[in-house]
Amino acid sequence: MPIEQIHPMMVHFPIALLITSLFLDFLSIIIKKDAFEKSAFYLLILGILGAVAAIIFGLLAEDAASKRPNIADTIETHEALAFITTGIFIALLIVRYIFMKKDNFKKVKPYYLIAALIGVAFLLATAKFGGHMVYELGAAVNANILK
């Protein structure tokens, strides 16, 4: 399998894990069970690890994708958004870890959730540009198929 085809397969994991992490945080408020909050924390970690792996494979796939016409600006935007998104979620993990250690996470949770919603908005924007590259500009698509 060509390396440029791995990135589009991997990106679904961080998208699902990070969105589900936020969903479980909201669910923990409604249902008031600590298990949801703990699960959200672990999914956040897994989502970040998946995002880092997706970025690595994205950087490896960049050369192959950039051979398509009119795609360079979209690649750069997608890449910048991916770095910003991952940075937001890493910052959220650090804040969450620090406040969980001090058993004060509940005090900052409303602010955390607002920041996490912003992170998810960036995540969805990143995905939109990635989808645009694959489905509309033909990144990681065999050129022979398009003929």
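The residue that is nearest to L43 (Cα to Cα), counting only those in segment 98-117 that are surrounded by 14 or more Cβ atoms within 10 Å (Cβ to Cβ) and at pLDDT 95 or above, is A116.
Restricting segment 33-78 to residues that are out of contact with any Phe, Trp or Tyr (no Cβ under 7 Å at 6 or more places or on another chain) and of a type in the set (S, T, N, Q), the residue that is farthest from F105 (Cα to Cα) is N70.
Taken as a whole, segment 97-113 holds no residue that is closer than 20 Å to V52 by Cβ, in contact with a helix residue (DSSP H, G or I) (Cβ under 7 Å, 6 or more places away or on another chain), assigned to a helix (DSSP H, G or I) and not hydrophobic (A, V, I, L, M, F, W, C).
The C-beta contact set for segment 127-147 (first residue on the phi > 0 side of the Ramachandran plot, second residue at pLDDT below 70, distance under 8 angstrom, 6+ apart or interchain) comprises G138/L146.
State whether the residues of segment 65-82 include one that is among the polar types (S, T, N, Q) and under 16 Å from the mean Cα position of the chain (by Cα). Taking every residue of segment 65-82 in turn, at least one turns out to be among the polar types (S, T, N, Q) and under 16 Å from the mean Cα position of the chain (by Cα).
Only one entry of L93, L124 meets the criterion of being surrounded by fewer than 17 Cβ atoms within 10 Å (Cβ to Cβ) and closer than 30 Å to P2 by Cβ, and that entry is L124.
The values are calculated or read from the model by the stated rules, or taken from the named source; none is laboratory data. Since we're looking at a predicted model, the values are computed, not measured. Every residue, glycine as well, gets a Cβ built from its backbone with ideal geometry; the counts of neighbours run over all protein chains shown.
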